[in-house]
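First comes the structure, then the notes that go with it.
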Amino acid sequence: MFTTPISKRPWRSDCLTLVPMKTLWQLFLWATLFWTASVTTRILAPAHAQLADVASVQEIMRIGDYEQAIQLAKQQVEKKTWNEAWPRLLATNLLTVGKYQEALDVYKAAQERFSDSLRLKLLGHKILQENNLPIEAQAVLEDLTAQIQRSPWKYSTKSELVPLGEFFLLQGEEPKQVLKLCYDQALKSDPKNLEALKAIATMAIDKSDNKVAGDAIQKALKLNPNDPDVLFLAAKIWNSSDRPKSREWLQQALQINANHIPSLLLQTESLMDSESYAQAIEVLSMVEKINPNLPELWALHAAIAHLQGAYAQEGDFRSKALNLRKLNPLVDHWIGKHLSFHYRFAEGAQYQQRALAMDSKFHQARTQLAQDLLRLGREQEGWEMVQLARQTDPYHVTSYNLQILKEQLEQYTTIEAPGFVIRMDKTEAQVYGLEVAEILQQARQTLGQKYRAKLDEPIVVELFAKQRDFAVRTFGLPGGEGFLGVCFGKVITANSPSALQVDHNWKSVLWHEYCHVITLHLTNNRMPRWLSEGISVYEERMHRSNWGEAANPLYIHWLRTGELEPPSRMSRMFLAPKSPVHLQYAYFVASIVVEFFVEQFGHEGLLKLLNDLGDGLPITDAIARLTGSLEGLDRSFEAFAKSRGEAIASELDFEPIPKEQTWQEWLESHPNSYHGLHKKLDQQILAKDWEQALFTAKKLQDAWPEDLTDASALVKQAAIYRQMGNTTALHQTLLKIVELDPHSSEPRTNLLALDRDSKNWQAVATHAKALLEIQPMQASTLEMLAQASEETQQPQDVIASLQALSHLDPLDPAQLQYRLALAHHRLGQQPHQALRHCLMALEESPRYAEALQLLLQLQSAPSLR
């Protein structure tokens, strides 16, 4: 449901100049209760005689033969058939094909005969807007208000509930009330009312509430899976969360109606998202044949031109988009929205400001501009724009969520470090905030020098303790569970380890995202996602060899079989992946492209490429300029990638076992099958045949020592040794695992326990520190680090771990303060700190003997006299 609060506004003089809205609602409710049955019969009866003819034209419209529909509807209008559906159908089709003046003429003539038609007036409002007649369009709404006030029973029938709801939405009424009093009532009268379900979905999409929209469209799909409008809405709802499903629905819509303009525009947007601009332009040419005057058509052309660096064409296309309606804010909003999707936030913000110059209350532009400004790090302006967006549309989910997020962020702790402003949950900042600042400082020094970047600092880094807050800050809406962090250029947002409760090295995430800061700055955000991600993964690996996306059996198989895109088409792997696994694979492949590029042209060549992108050169031109031949580079990389796949575990076969074969059959014909050997190993472990299991595991391990998958031979060896009780072998195996895998907590936890039992405190400290890079808020790990540091006489580490532990509700605060006092005393640098913590221990427990004894020692120290 919509999450915004109900606004108590009894009078809406800005929208309804003739009647208080509360009074209008009361009239509507009264009429609904007492007039529906009788009026429905009286109003609908005249239309029945023409129902078949109207239905046949609607069927022609459904399959996209708009010119035929125009001819048939025109014949009925010229005959002066007494049914307002005919001029409405005629005007609708004329509007669809861009004949706006003819649609206006039809509407004006029909108004003289059907002056009380709600549906006709709503269509007229749209026609007048497209003909650049905003004053007349507003007058239509005012006239409708007066008509509803005079005769509410005329507009409270079940056939009028849906258009009545659309009218109230145009007047700015609360969606919850429209849903309850109009659309739900229409469905209550007729559960198969497809028009009502489509209206609910459209309203919810406009308010960014995909949950409500999705529920409505799922019902609509069951009623009529062959309605292009329904299929388009389904594709639009799931476009961001389930691309394959969205593409399937979009394809179905266009199979039914190849001229369905909303579907063609959505297809164009999807192609733009994957940077398939040539194909997007082909689809737009189809739209142009249907409606050459469509503003969205030329707005998308302008956005593509900008993204390709064709700025003169961009201006021409924008002029065409505004040709008939000079102050149409939708045009600049659409252009800017697509620039922002491609991380051109500065240019996108400028376009939203243009849209607002045309219509200062255009809520879509306000909401998008608010997000653009926040992503640019212009926070004061961004939050002010959030407030303005809320004023314009109090029911939009994105602006509402952002407002709630602002209140959450105000409770966060801010850490300032050279080049950074870091915001974290208060407790998390106290526990590991300094380590966050430290790794960012390292990244700033290392990557800044390597790429010779002079940044506009400070960079804003926000670590969210709740995944929902991260999603709202990053995307405007909840979701995005698969993302660890996102960089917009001057702003980094990331989930803290507490937000996801999954194992991942948080330091590697920040290193990865800061690399984006560098590359986006060098290119003025004019770089394809694949290159930006590829460099970040590559630089992770350069900093620590076990960081970055690693090879797995599926990746190796795909490399060997050539399932990848070459550099010229690499964006498709990111922007139109077949599955989440394919998206992860895209990170891996992109890093190999960067590695290949550096091998061929050196780091200086990579810098040259980034600088050319920053100067506005398209990626294909920038690569061709450096390499001489884009096609040649593609061929060379494909050979390089295949050889890389062959080189990894070259003795093993990674082809998946066919479903029609058992693993035994497959292994007999493929004795070096990775999957077959693992099936065999699993069977041996199940049978507790430890000797044979270790033999098979060793064969796999020798063939691929770097395997760090969750079910690798090393992981299974560790399980075998644990079952055998061979602690020494288990310890050695776990050490190999953690050397390869920086993200898993379980092997480190096991190592920590083994080394604690053997009192190998130096190793305990090492494992504890590594574990805190995965889950820094674990009190037990901090305690273990403190104990190990005490045993190894490392008071500085004792102080750091105990200070962090003090913010996690320790079971014995008196003992913790005493240990802190003792560590400061042993460090010998800050005797007053030792005294302070000793007194804090005694405050918790006045009879604490060890603390009293330490107090006496401290008081006798010369530095405290």
Please specify each residue of the range 153-179 satisfying the condition of being part of a helix (DSSP H, G or I) and touching a Lys or Arg at 6+ places or on another chain (Cβ under 7 Å).
P163, P175
Does E136 satisfy the condition of being crowded, with 17+ Cβ neighbours inside 10 Å, part of a helix (DSSP H, G or I) and of a type in the set (D, E, K, R)?
no
Identify, please: which residue in the range 789-808 is among the aliphatic types (A, V, I, L, M) and in a helix (DSSP H, G or I) and is, among those, surrounded by the fewest Cβ atoms within 10 Å (Cβ to Cβ)?
A800
Condition broken by S240, with the remaining ones in (1) of a type in the set (S, T, N, Q); (2) open to solvent by 20 Å² or more (accessible area, probe 1.4 Å); (3) within 30 Å of V581 (Cβ to Cβ); (4) part of a helix (DSSP H, G or I) satisfied:
(4)
Considering only residues that are among the aliphatic types (A, V, I, L, M), part of a loop (DSSP other than H, G, I, E, B) and under 13 Å from L356 (Cα atoms), which ones fall in the range 321-343?
L327
Select, from Y395, Y400, Y351, the only residue that is part of a loop (DSSP other than H, G, I, E, B) and either crowded, with 17+ Cβ neighbours inside 10 Å or touching a residue at least 12 places away in the same chain (Cβ under 8 Å) (or both).
Y395
Output the residues belonging to the range 722-759 that are among the acidic types (D, E), part of a helix (DSSP H, G or I) and surrounded by 20 or more Cβ atoms within 10 Å (Cβ to Cβ).
D755
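Looking at the range 411-436, which of its residues are aliphatic (A, V, I, L, M), open to solvent by 10 Å² or more (accessible area, probe 1.4 Å) and under 17 Å from T493 (Cβ atoms)?
I415, V421, A429
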Checking Q762 against (1) within 42 Å of the chain's Cα centre (by Cα); (2) open to solvent by 70 Å² or more (accessible area, probe 1.4 Å); (3) not charged (D, E, K, R): exactly one of these is not met. Which one?
(1)
Can you tell me which residue within the range 492-508, out of those that are open to solvent by 20 Å² or more (accessible area, probe 1.4 Å) and part of a helix (DSSP H, G or I), is modelled with the highest pLDDT?
K507
Scan of the range 245-284 for residues that are assigned to a helix (DSSP H, G or I) and open to solvent by 50 Å² or more (accessible area, probe 1.4 Å), ordered by number:
K245, R247, E248, Q251, Q252, Q255, P262, Q267, A278, Q279, I281, E282
If you check V421 against the conditions, is it touching a residue at least 12 places away in the same chain (Cβ under 8 Å) and out of contact with any Asp or Glu (no Cβ under 6 Å at 6 or more places or on another chain)?
yes
Output yes when any residue across the range 518-526 is over 19 Å from K450 (Cα atoms), modelled with pLDDT of 95 or more and not in a helix (DSSP H, G or I), and no when none is.
no
Among residues of the range 26-82, those that are aromatic (F, W, Y) and at pLDDT below 50, counted
3
If you take the residues in the range 586-629 that are polar (S, T, N, Q) and touching a residue at least 40 places away in the same chain (Cβ under 8 Å), which one is least open to solvent (accessible area, probe 1.4 Å)?
S591
Would you be able to tell me the number of residues in the range 365-378 that are surrounded by fewer than 21 Cβ atoms within 10 Å (Cβ to Cβ) and either in contact with a strand residue (DSSP E or B) (Cβ under 6 Å, 6 or more places away or on another chain) or assigned to a helix (DSSP H, G or I) (or both)?
1
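Let's see how each residue does on (1) under 29 Å from G645 (Cβ atoms); (2) of a type outside the set (D, E, K, R):
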site	(1), (2)
L700	yes, yes
W704	yes, yes
Q723	no, yes
H731	no, yes
R756	no, no
N760	no, yes
H767	no, yes
Q778	no, yes
Inside the range 494-553, can you point out the residues that are closer than 30 Å to S650 by Cα, among the aromatic types (F, W, Y) and out of contact with any His (no Cβ under 9 Å at 6 or more places or on another chain)?
W530, Y538
If you go through the range 768-788 one residue at a time, do you hit one that is part of a loop (DSSP other than H, G, I, E, B), in contact (Cβ under 8 Å) with a residue 12 or more places away in the chain and open to solvent by less than 10 Å² (accessible area, probe 1.4 Å)?
yes
More than 24 Å from the chain's Cα centre (by Cα), farther than 21 Å from R366 by Cα and open to solvent by 50 Å² or more (accessible area, probe 1.4 Å) - does that describe any residue in the range 323-334?
yes
State yes or no: is T92 farther than 30 Å from A389 by Cβ, modelled with pLDDT of 95 or more, buried (at least 18 other Cβ atoms within 10 Å of the Cβ) and not aliphatic (A, V, I, L, M)?
yes
Can you tell me how many residues in the range 214-237 are part of a helix (DSSP H, G or I) and either crowded, with 22+ Cβ neighbours inside 10 Å or touching a residue at least 60 places away in the same chain (Cβ under 8 Å) (or both)?
12
If I ask for residues that are touching a residue at least 24 places away in the same chain (Cβ under 8 Å) and under 25 Å from A346 (Cβ atoms), which ones from the range 476-497 would you list?
G476, L477, G485, V486, C487, F488, G489, K490, V491, I492, T493, A494
Out of E102, E59, E67, I need the residue that is acidic (D, E), more than 30 Å from P329 (Cα to Cα) and surrounded by fewer than 19 Cβ atoms within 10 Å (Cβ to Cβ). Which one?
E59
If you check K211, K192, which single one turns out to be of a type outside the set (G, A, S), assigned to a helix (DSSP H, G or I) and either farther than 20 Å from L300 by Cα or touching a residue at least 24 places away in the same chain (Cβ under 8 Å) (or both)?
K211
Checking the structure you have, find out if any residue of the range 162-174 is under 25 Å from G476 (Cβ atoms) and aromatic (F, W, Y).
no
Members of the range 539-554 that are outside any loop (DSSP other than H, G, I, E, B) and surrounded by 21 or more Cβ atoms within 10 Å (Cβ to Cβ):
E539, E540, P553
Members of the range 457-482 found to be modelled with pLDDT of 90 or more and open to solvent by 40 Å² or more (accessible area, probe 1.4 Å), listed by number
E457, P458, K466, R468
Out of (1) hydrophobic (A, V, I, L, M, F, W, C); (2) without any contact (Cβ under 8 Å) to a residue 12 or more places away in the chain; (3) crowded, with 16+ Cβ neighbours inside 10 Å, what's the single condition that is false for F695?
(3)
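The values are calculated or read from the model by the stated rules, or taken from the named source; none is laboratory data. If you're wondering where the values come from, they're calculated on a predicted model, not measured in any experiment. Note: ideal-geometry Cβ built from the backbone for every residue, glycine included; neighbour counts use all protein chains shown. For accessibility, only protein heavy atoms count, side chains too; no ligands or nucleic acids. Shrake-Rupley method; radii C 1.70, N 1.55, O 1.52, S 1.80 Å.
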